[in-house]
Structure formats: C-alpha cells, structure tokens
Amino acid sequence: MKIDTENIEDRQVQLTIEVPDDRYKAAMRSAARRMSKRDKIPGFRPGKVPFNVAVGRFGEDAIFDEAIDTLGQDVYKQALEDSELEPFAPGALNEVVSRTPLVLRYVVPLSPEVDLADYRKLRVKFDPPEVSDEALDAMMEDLRQRQALIEPAERPVQMSDVAVIDIEGNLDEPEEDESARVIKESGISLLIEADTDWPYPGVADELIGIEAGQSRTLTHTFREDYPAEELRGRRATFEVTCLEVKSRLVPEWSDDLARGIGEYDDLLDLRIKAREGLAESAEREAGAEYADEVLEKVGESATVTYPPMLADQEVDDLLHDLVHQLEARKLTLEDYFKAENKTQAEVRDELRPRAEERVKRALILGKVVEEEQLEVDEEEVSRQVRRLASNMQDPEGKIFKALNTPRSRRRVENDLLFEKAIDRLISIAKGENPDKGNPEPDEEAVESDSDSDGT
C-alpha cells in the first residue's frame, strides 16, 4: 500500500492510502458473495453468484459500501502499523478520494498535548472571607420569620398576612402567534409584605382589604428592566380570587425560641453557632471561587491542543445531562427544541464552548496529576465510594454496588486525582511549600491578583 502521512491541526494526522488493485477487487468479490448469501438470487446457489450478476442485482455502489466496511478497517489497521502511529482514539474514514485506483483518506486523532508553562511560579492572592454582623442579623431574622404562627383569620387581608389565592394574568395586547397567558396558578399562598414582588412588585398593597371569596381585577405595566425580557414595558391584567386569609404572628427572640429551633442552649448559643455556620459556608464559597480563579490563571498560561472528537464527546455528555433534566420535568428533547425554536445542531453549537472549556480544564488537571506525581490508593477510592453511597441514602446497598464496579471505581479515582490536583494548584498559588515541587515565593514568582494596581 502507498501511505501518505500529513500532520493537520488539533493533534490529528491525515492518512491518504492507495489500496492495491488486486486487494480492492478481492474485497469487492467477497462483498458480493456475502450479499448474495443474505439475499438469494433465483437460479444460483447462495454465495455462488457470478460477480457481474451480483452487480446487476445489487448495484456496484451497494457492493462497494459493503466492501469498504471490512476492507476499510483492515487497511486502516495495517496503515497504523506501517506508519507506526499511536492513535489516541479510533480514527475515521474521512473521504473516498477515488475508486480507480482506490484511495482512502482517514483522520487519526493523536493524544492531547498540554504545556503548563511555569505554573509553579503562579501566585494568586487569597482574601479569607469574613462574616459581617449584618449577614448574621439577616440569617437570624430569617430563622425568626420561619417560626411564625400561621392561623386562619376571619377578616380582610392585612399587611403581614398570608393570602391563599387563585390568580390568572394575561397580556392586554399579545403579539401575533404569541400566547397571552402570563401566569395561571391555583391555591398559591402569598405573603402580603411591602417587598413582595410576585407576580409583580407592589401587588401586596393592591390586595390589602380583600376577603375570602372576593375577587379583584388588577393591572400592571412591567418596567423596562424587568428580568423577563418578553414582558418589559407591556401591560397585563390579573384576575385574583382570595380563597382564604391567614394571620401570621412572628415571635420575639428568647432563649425558649432558640431552644425550640434546634439543639441550642440559649439565644447566645444559637447566634454563635449561626455565625460559625455562616463562616463555614463563606469559606466553602470563597474556596470554590478561588479554585476557579487559580484554574483560570493556569489555563491562561497553558497551551492545550487536543483532537476535536474530545469536544464532540463532551457535547454528547452535556446533551445527555440535558435529557435527564428534561425527563425530571416530564419533557423530551424534542419538546425543548420546539420551545426554544432551535434545531439539535444549534443546541450543540451553543453547548460547544462549555464543552471545550471542560475538556481543557480536565486535560490541565490531568497534566498536573502527571507533573506532581499524584496518586490515589484503593482504600481512598473505597472510602469515597462508601461516602457517596451514604450521602445518597442507600439502605439496600444498590447504589454502593453500582459505584463499586471497576468502571465506576476508575471514575471515582479520577475525580479524587482531580481534587488533589486542584488542592495542589491552590497550595502553589498561595505560595505555600508542601513536600513536592513548589518553590518558596521569590522575586521571580508571577503574582496574579485581581485587585492589583500593578505596583
């Protein structure tokens, strides 16, 4: 065989292969025999049909397609051996250049290449989060509001009450082929407070004084900066029927109220533990944001090249996730395409930037694992499998069995390695000096600080 090898962009090699004529003809005859065995021709024994008769019955193109299914794989395999290429994933027959002579063109994906540059000199400033008194007071007030005593009230609605309502809203001037419906809900419990903004700001004031069994017609023009773009500047009419009025009494803070909320000694104990909880939450959020910033900075300096099929596979995964999300809402992918007025190709194009970012991040973390020689032992994987199953409430052990298969354990191991890689990058970015590879901060270290003024 004649093989021409050409490196093309994105870690791919193009193989152009000229197949010897005798091999091509033998493949065509073999394909014709297989087809005549599957589809018997009267007057001939299965597999004993002359080639020209088979061509007349099936057509040369159909026989060619059958031949290429087998010949193409054999030719590709031999070409890889002869060219000493090591593909990262299965290649694809990209083009039949000609039939006389038979010339086939393949695209072979190679393993990705990742250059992290001098990532060990990266420094990113980390500001530990603080819990303000205002945040604590807001959390405490939210806890207090949740302890409100709600009871039926035989009177008109007052501020701070709960009104149980049916509501239907329609646009006054719907556009052509547009549904006028803005909202339709039944039995909704609506808190009547000044800051109530559903279905629009100011609705609470308009419902003061309504009684159970009464209805009101309300109109509202949505402001120009309303979150839903399709409603901006448009007027709608709402029909509201009050089904029930409930009073809402919010208790004052006391040690007894604190003890009723949970296992707290008194009000002071509740405030202390509430602050601790806020601090832990703030640290987790700040840590996640810091990790994202560090990975982004590493990505800015890194050079990552990979075959497009990796992004294609990631798009497939994102689309699969979308299907599961839709199934939870009892919808199909076709429903989604129709609602968004988009084709599957358009949705895939929208998902691609996110898919490419995920591929790049995964390859960077994989390279960090390699460079830092990070490892995960079997016991770490087993502990994580048990932890995941426990978090999913698995009394019958079904989830544990699913997670404990060799394939799932490899996925868990990979996730743990990526977590270690992120932790390692965070240590580097903070200028810490763990056991391996991270130099002490020095004048040559590259500091990356979003608040820096460059001085």
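Table for the structure above
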item: Residues within the range 240-266 that are among the polar types (S, T, N, Q) and either at pLDDT below 95 or surrounded by 15 or more Cβ atoms within 10 Å (Cβ to Cβ) (or both), tallied; result: 2
item: Candidate set: the range 386-413, residues that are part of a loop (DSSP other than H, G, I, E, B) and among the charged types (D, E, K, R); chosen: the one farthest from the chain's Cα centre (by Cα); result: Glu396
item: Failed condition for Glu18, given (1) at pLDDT below 95; (2) under 45 Å from the mean Cα position of the chain (by Cα); result: (1)
item: Yes/no for Leu218 being surrounded by 11 or more Cβ atoms within 10 Å (Cβ to Cβ) and under 30 Å from Asp255 (Cα atoms); result: no
item: Arg275 being surrounded by 15 or more Cβ atoms within 10 Å (Cβ to Cβ) and either among the hydrophobic types (A, V, I, L, M, F, W, C) or in the same structural domain as Arg361 (by TED's automatic domain parsing) (or both); result: yes
item: Some residue of the range 121-128 being touching a Lys or Arg at 6+ places or on another chain (Cβ under 8 Å) and closer than 30 Å to Asp74 by Cβ; result: no
item: Strands (runs of 3 or more DSSP E) wholly inside the range 136-252 containing at least 3 residues that are within 30 Å of Lys273 (Cα to Cα) and within 33 Å of the chain's Cα centre (by Cα); result: none
item: Residue under evaluation Asp177, criteria (1) exposed (fewer than 11 other Cβ atoms within 10 Å of the Cβ); (2) under 20 Å from Thr237 (Cβ atoms); (3) acidic (Asp, Glu), criterion not met; result: (2)
item: Residues of the range 341-385 that turn out to be farther than 22 Å from Arg120 by Cβ, of a type in the set (A, V, I, L, M, F, W, C) and over 17 Å from the mean Cα position of the chain (by Cα), as a count; result: 3
item: Tyr226 of a type outside the set (A, V, I, L, M) and within 28 Å of Ile188 (Cβ to Cβ); result: yes
item: One residue from Leu326, Leu319, Leu331 being surrounded by 13 or more Cβ atoms within 10 Å (Cβ to Cβ) and outside any helix (DSSP H, G or I); result: Leu331
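Yes/no matrix, rows are residues, columns are (1) over 30 Å from Asp312 (Cβ atoms); (2) in contact with a Ser or Thr (Cβ under 8 Å, 6 or more places away or on another chain):
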| residue | (1), (2) |
| --- | --- |
| Arg23 | yes, no |
| Ala26 | yes, no |
| Arg33 | yes, no |
| Arg38 | yes, no |
| Phe44 | yes, yes |
| Asp61 | no, no |
| Ala67 | no, yes |
| Leu93 | no, no |
| Val96 | no, no |
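The values are calculated or read from the model by the stated rules, or taken from the named source; none is laboratory data. A quick note: this is a predicted structure, and the numbers were derived from the prediction, not measured. With ideal geometry, Cβ positions are generated from the backbone for all residues, glycine too; neighbour counts draw on all protein chains shown.
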